[in-house]
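J.: I'd like to ask some things about the structure below.
The values are calculated or read from the model by the stated rules, or taken from the named source; none is laboratory data. Model, not experiment: these values are computed from the prediction. As a convention, Cβ positions derive from the backbone with ideal geometry for all residues, glycine included, and neighbour counts pool all protein chains shown. Only protein heavy atoms, including side chains, enter the accessible area calculation; ligands, DNA and RNA are left aside. Shrake-Rupley method; radii C 1.70, N 1.55, O 1.52, S 1.80 Å.
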Amino acid sequence: MVQCMFASLHLQGSCRKASCSSSRDESRQRVKFTDERVCKSHLLNCCPHDILSGTRMDLGECSKIHDLALRADYEISSKERDLFFELDAVDHLESFIADCDRRTELAKKRLAETQEEISAEVAAKAEKVHALNEEIGKLLAKAEQLGAEGNVDEAQTVLHEVERVRTKKKDAEEEYRNSMPASSFQQQKLRVCEVCSAYLGLHDNDRRLADHFGGKLHLGFIQIREKLELLKKTVQDKQERRNQERLKRREEREREERMKKRTKSRSRERKRSRSRDRDQERRRRRSRSASREKRRSHSRSKERDRRRRHRSRSRSRSRHSREHSHKSSRDRDRERESKRSSSERRSDGLNGRTESRRHDDREAGEI
């Protein structure tokens with residue numbers, strides 16, 4: 001009976017989980033990658049909740065939606081146009097890194113309060129040992145990574161470098177040991193890691209250093225910080241490109257406006273030149289008409305003068321002709337008179353002769 005009850009409860013729980021997961025899947029299917037509920041850091045593969053999962057600083061599940069299908073959609077769409085999701089990711093990572101840096105400063109203060117104070121010279125020597133420890137840890141982690149990838153020769157070269165740094169570390173530890181009492185040297189001097197705010201010991205062995213610097217937590221913080229710097233550079237480049245495009249568009253608009261103004265001024269100038277040409281043409285026509293009118297009036301006056309001269313000439317000719325005709329008529333009359341007188345004289349002479357003849361004849365007859 002109890003087993004049946006447990007089985008029914010198990011089935012009910014599984015049904016609830018299935019229904020919740022199905023409703024979540026349906027809601028995610030309805031969500032697009034541009035939705036505000038989608039984590040933009042996840043789309044850019046830099047969300048701290050994903051990177052630090054499984055470490056001692058596991059942040060748990062992100063409050064926003066994580067979906068690989070949405071990331072694939074974003075990657076396809078980002079090739080066609082800029083969506084500027086990097087701005088949201090930069091804000092998210094800057095907030096996270098600022099919180100981590102605050103925790104690091106608090107850990108340093110807490111460590112300074114608990115540990116014994118040392119002089120500045122001794123602190124510098126201890127810091128040198130810590131720096132060499134960090135270098136050894138990073139080189140060992142790199143050698144392990146190269147060995148895992150199959151690059152044996154490069155891994156051997158890195159291990160030789162590790163041996164050289166170990167020699168430097170021994171010399172630095174010797175200087176540090178000689179600068180303080182033996183009782184104080186045996187105490188574990190801790191240091192806070194600047195990257196992940198974890199505690200590191202001055203006397204940590206190589207395995208502990210390799211585990212720390214090659215661990216998921218430290219590498220995850222390095223990845224987050226590097227990704228933040230890369231995103232900042234990307235955002236800056238995109239903003240510069242966008243500003244250049246805006247400047248270019250503004251210059252094009254200004255050029256178009258200048259061209260429009262030029263065309264307007266040219267059209268105005270053309271209109272003005274046309275109006276000037278029309279005015280000049282009108283003036284020319286007027287001047288031509290005036291000159292034509294002057295020529296006409298001049299020709300008219302010439303014609304009038306010519307006619308006047310012709311009339312005067314004709315009058316003088318008529319007068320002269322009349323005078324000549326009068327003179328000729330007088331001459332003719334005179335000639336006629338002279339002829340008549342001559343004829344009369346002739347006739348008188350003849351008559352006289354005839355009379356004289358008659359008289360002679362009469363006298364002769366009388367005789």
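J.: Can you work out the Karplus-derived ³J(HN,Hα) for every residue in region 82-87? Use 6.51 cos²θ - 1.76 cosθ + 1.60 with θ = phi - 60°, whole Hz, and x for glycine or proline.
T.: Per residue, the Karplus-derived 3J(HN,Hα) values read 7, 9, 6, 6, 4, 5 Hz.
J.: Turning to a different aspect of this structure: Cα-based Rg (one decimal) and Dmax (whole number) for region 212-270, in Å?
T.: 24.7, 82
J.: Could you pull the Rg and Dmax for region 190-238, using just the Cα atoms, both in Å?
T.: Reported Rg and Dmax, both Å: 14.2, 47.
J.: Taking R0 as 45 Å, what FRET efficiency do you get between E121 and D73 from their Cβ-Cβ distance, rounded to the nearest 0.05?
T.: With a Förster radius of 45 Å, E is 0.15.
J.: Name all residues of region 193-211 having a backbone nitrogen under 17 Å from the label point set 7 Å from the Cα of T114 along its Cα→Cβ direction, giving them as ranges.
T.: 193-194, 197-204
J.: To continue, here is another question. Take I136, I51 and sort them by solvent-accessible surface of the protein heavy atoms, 1.4 Å probe, largest at the top.
T.: Most to least solvent-accessible, the answer reads I51, I136.
J.: Percent of alpha carbon pairs in region 200-322 separated by more than 25 Å?
T.: Pairs farther apart than 25 Å: 74 percent.
J.: Quick one: give the max-minus-min coordinate of the C-alpha atoms of region 49-99 along each principal axis, largest first, in Å.
T.: Cα extents, longest axis first: 39, 24, 15 Å.
J.: Return the Rg/Rh value of region 37-157, two decimal places, where both radii are evaluated on C-alpha atoms and Rh is the Kirkwood radius.
T.: Here the Rg-to-Rh quotient is 1.11.
J.: Under 20 Å Cα-Cα from K227, which lysines qualify once same-chain neighbours fewer than 8 residues away are excluded?
T.: List returned: K40, K64, K79, K138, K142, K216, K238.
J.: With every protein chain left in place, what is the accessible area per residue of region 150-260 in square angstrom, probe 1.4 Å?
T.: 65
J.: Work out how much length R292 to R81 would gain on full extension: take 0.36 nm times their residue separation and subtract the Cα-Cα distance, in nm to one decimal. Each step should come with its number before you reach the end.
T.: Numbers: separation 211, 0.36 × 211 = 75.96 nm, distance 7.59 nm.
Result: 68.4 nm gained on full extension.
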